[in-house]
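The values are calculated or read from the model by the stated rules, or taken from the named source; none is laboratory data. Keep in mind the model is a prediction, meaning the values are calculated, not measured. Positions of Cβ are backbone-derived with ideal geometry, glycine not excepted, and every protein chain shown enters the neighbour counts. Side chains are part of the model used for accessible areas, which takes the heavy atoms of the whole protein and leaves out ligands, DNA and RNA. Shrake-Rupley method; radii C 1.70, N 1.55, O 1.52, S 1.80 Å.
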Amino acid sequence: MSEDILNRVTKVTVEELGVKAEEVTVAASFTEDLGADSLDVVELVMAFEDEFGIEIPDEDVSEIKTIGDVVNYIQKKSGE
Amino acid sequence: MPDHPAPSGRVVVTGIGVVTPIGTGVETFWANCLAGKNGVRKITLDDVSPFTTQIAAEVPDFEPTDWLDKKEARRIDRVITFAVASARLAMADSGIVLTEELRDNFGVYIGSGIGGLNVMSEQTKVLYQRGPDRVSPFWVPYMIANMPGGIVAIQFGLHGPNMATVTACSTGANTIGEAAHAIKRGDATMMLAGGTEASICDIGIAAFCAARAMSTRNDSPEHASRPFDRDRDGFVMGEGSGVVVLEDYDHAIARGAKIYAEIVGYGMTADAHHITAIASDAKQPARAITRAVASAGITVEDIGYVNAHGTSTPIGDPTETKALKLALGDHAYSVAVSSTKSMIGHTLGAAGAIETIVCILALRDGIMPPTRNLDNPDDACDLDYIPHVARKKELKYALNNSFGFGGHNVSLVLKKHV
């Protein structure tokens, strides 16, 4: 897992959800652990798209549940 | 079967919260109000350099994280945060302890004249500059004018009636009048009621500039808001919020609450004349005053103080003066009148609430705040407007007037609690 991607994902998540960096673990779920509701998730996904210059289609968003999921998704997407 | 005690038919004010350009919190605001302090300055909240009006009464040093958690504080519209701040201050001031049963019978009527204009402005730019898939999912919830009351209810878990009046610059007076009725009917035992506004942004200033409604005295902001003065040249935009805790009289007495005043009269009429200009015959605002006085069961001679709408516009001030003469008769010349907008500008949807709070405090302390900047009264404005210096007077009843775009005329009568 890319440390650089994880750090940037953590930074964006802390900024968007107002959570502490230590809460943002690889296993943390956005809705279960980090207090995000469905609107928060929409805004968070947009923030990841802006940060990494990628597009995350709606059908992919449903598979992204945790910080680890996002990091892996971005890694795969940037590798393509 | 109602799940709460039968209403007493009387409604009292037991808590006050304000966020204004001259102070946050009731006693700070009140001391500055009595001192005739100025809240108008060069606009800092947005870049308005190309605009004809570049001054406003901003709430200084307002920190959203003082009132909301970090996530909401970062993105929520200022108009909502103002309401939350005033509601928190009013609740604390009331000393109320919330129980599950009380929460079910505790409502919120908080309105805004315009709503979340900052979010509206920012997201419109995002839409046109970056495209429809970049706009925030919070655009709608933070823009709609009922959301300040919605979020206040969430903060305290209040499940009683929740509604937002949107009657432009009479919003804050309407919410208080309607909330008092809700308690009198038995729809609720307690209510948070008031108004909030935060429209000092590019869209807000540009739109009111286009309407030619605002003062352009950019070189001398502290002298720009001058109600009833012959050199007035339009209103000055203000911002802020005012929220009161209203409570059934019996409930307030039973818990030994601090009681500020009683809401005893409420009247409203519509001009049905023009979208923005008040009808020069002043008949409808006069009828609103007459109705408010009649519903209080008093005579006009009982009114000791009037907090005027007094916006500092060329047409508005003499028309309100005429309305007071029509409604109060000869007593118009013996009653004392002042305009809080001379200090805090026109806070639009919050004005009726903040200025009702001024009436309540004037009753409590027996002192009436001045009209700042009233150096030379207009010939058509020939009442006693308390120029420059606050004045002591034992008061029993006070009247608040609020008039809004759309032709809304609203008057409230407050009674001193003894």
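Taking every DSSP beta bridge that has both ends in the protein assembly as shown, the antiparallel portion is near 70%.
With N the number of residues in the stretch B:268-416, Rg(Cα) / (2.2 N^0.38 Å) evaluates to 0.93.
Once the C-beta distance of A:Val42 and B:Ser334 is scaled by a Förster radius of 51 Å, the resulting FRET efficiency is 0.25 to the nearest 0.05. For chain B, the antiparallel share of DSSP beta bridges with both residues in that region comes to about 70%. Calculated on the alpha-carbon coordinates, the convex hull of the protein assembly as shown measures out at 157 cubic angstrom per residue.
Within chain B, helices built from complete DSSP H runs that reach 20 Å or longer along their own axis (Cα positions) and carry a mean Kyte-Doolittle hydropathy of 0.0 or higher are B:78-94, B:351-365. Note that chain B carries a Kirkwood radius of 20.9 Å, evaluated over its alpha carbons pair by pair.
Take every pair of alpha-carbon atoms less than 8 Å apart whose residues are at least six positions apart; their mean separation over the length of the stretch B:1-127 yields a relative contact order of 28 percent. Of the chymotrypsin sites (Phe, Trp or Tyr not before Pro) found in the stretch A:29-80, not one falls in a DSSP loop while having at most 14 other beta-carbon atoms within 10 Å. Hydrodynamic estimate: the Kirkwood radius of the stretch B:18-115 over Cα pairs, inserted into Stokes-Einstein at 37 °C and 0.692 mPa s, corresponds to D of 208 µm²/s.
Entry note: the stretch B:144-195 has Rg to Rh equal to 0.95, where both radii use alpha-carbon atoms and Rh is the Kirkwood radius.
Taken per residue, the accessible surface of the stretch B:1-99 reaches 41 Å², heavy atoms only and a 1.4 Å probe. Computed with a 1.4 Å probe over protein heavy atoms only, the accessible surface of the stretch A:3-79 comes to 53 Å² per residue. Projection of the Cα convex hull of the stretch B:12-254, averaged over all directions and equal to a quarter of that hull's surface, yields 14.5 nm². In this label model, A:Asn7 and B:Ala270 are separated by 6.3 nm, measuring between points 7 Å along each Cα→Cβ vector.
When the surface is traced with a 1.4 Å probe over the full set of protein chains, B:Arg41 keeps roughly 90 Å² accessible. Secondary structure note: in the stretch B:268-416, about 60% of the DSSP beta bridges are antiparallel.
Placing unit charges on the Cβ atoms only, positive for Lys and Arg and negative for Asp and Glu, gives the stretch B:243-323 a dipole magnitude near 100 debye about its Cα centre.
In the stretch B:128-147, what residues drop by 50 Å² or more of accessible area when the other protein chains are put back, versus the chain on its own? Use 1.4 Å, and skip ligands and nucleic acids. Listed in order, they are B:Arg134, B:Pro137, B:Phe138. Do any residues of the stretch A:29-46 lose at least 20 Å² of accessible area when the full set of protein chains is present rather than just their chain alone, and if so which, with a 1.4 Å probe? SASA drop of 20 Å² or more in the stretch A:29-46: A:Leu39, A:Asp40, A:Glu43, A:Met46. Remark: mean inter-chain Cβ contacts per residue of B:69-75 equal 4, using a 10 Å Cβ-Cβ cutoff to other protein chain atoms. Here the relative contact order of chain B, from alpha carbon pairs under 8 Å that lie six or more residues apart, stands at 23 percent. Rounded to the nearest 100 Å², what is the buried accessible area between A and B, both sides summed, probe 1.4 Å? It comes to approximately 1100 Å² buried between A and B. For chain B, the mean residue ellipticity at 222 nm estimated from helices alone is -10000 deg cm²/dmol, where every DSSP H run of n ≥ 4 contributes -39500 (n - 2.57) and the total is divided by all residues, rounded to the nearest 500. Using just the C-alpha positions of the stretch B:329-418 as equal point scatterers, what log10 of I(q)/I(0) does the Debye formula give at each q in 0.13, 0.17, 0.20 1/Å? Calculated log10 I(q)/I(0) at the listed q: -0.45, -0.78, -1.09. Placing +1 on the Cβ of every Lys and Arg and -1 on the Cβ of every Asp and Glu, with nothing else charged, gives chain A a dipole about its Cα centre of roughly 280 debye. An ellipsoid equivalent to the stretch B:134-276, defined through the eigenvalues of its Cα gyration tensor, has semi-axes of 33, 22, 15 Å when rounded to whole angstrom and sorted largest first. For the stretch A:3-79, the fraction of C-alpha pairs more than 21 angstrom apart is 13%. Contact order normalised by length for the stretch B:12-254, with contacts defined as Cα pairs under 8 Å and 6 or more residues apart; what percent is it? Across the stretch B:12-254, relative contact order equals 31 percent.
Taking a straight Cα-Cα cut-off under 26 Å and skipping sequence neighbours fewer than 8 places away in the same chain, the lysines within cross-link reach of A:Lys65 are A:Lys11, A:Lys20, A:Lys76, A:Lys77, B:Lys70, B:Lys71. For the stretch B:12-254, carbon and sulfur atoms together expose 53% of the accessible surface, with a 1.4 angstrom probe and every protein chain in place.
Put a plus charge on the Cβ of each Lys and Arg, a minus charge on the Cβ of each Asp and Glu, and nothing anywhere else: the dipole of the stretch B:268-416 about its Cα centre is then about 520 debye. For the stretch B:264-418, the solvent-accessible area of protein heavy atoms averages 34 Å² per residue (probe radius 1.4 Å; ligands and nucleic acids excluded).
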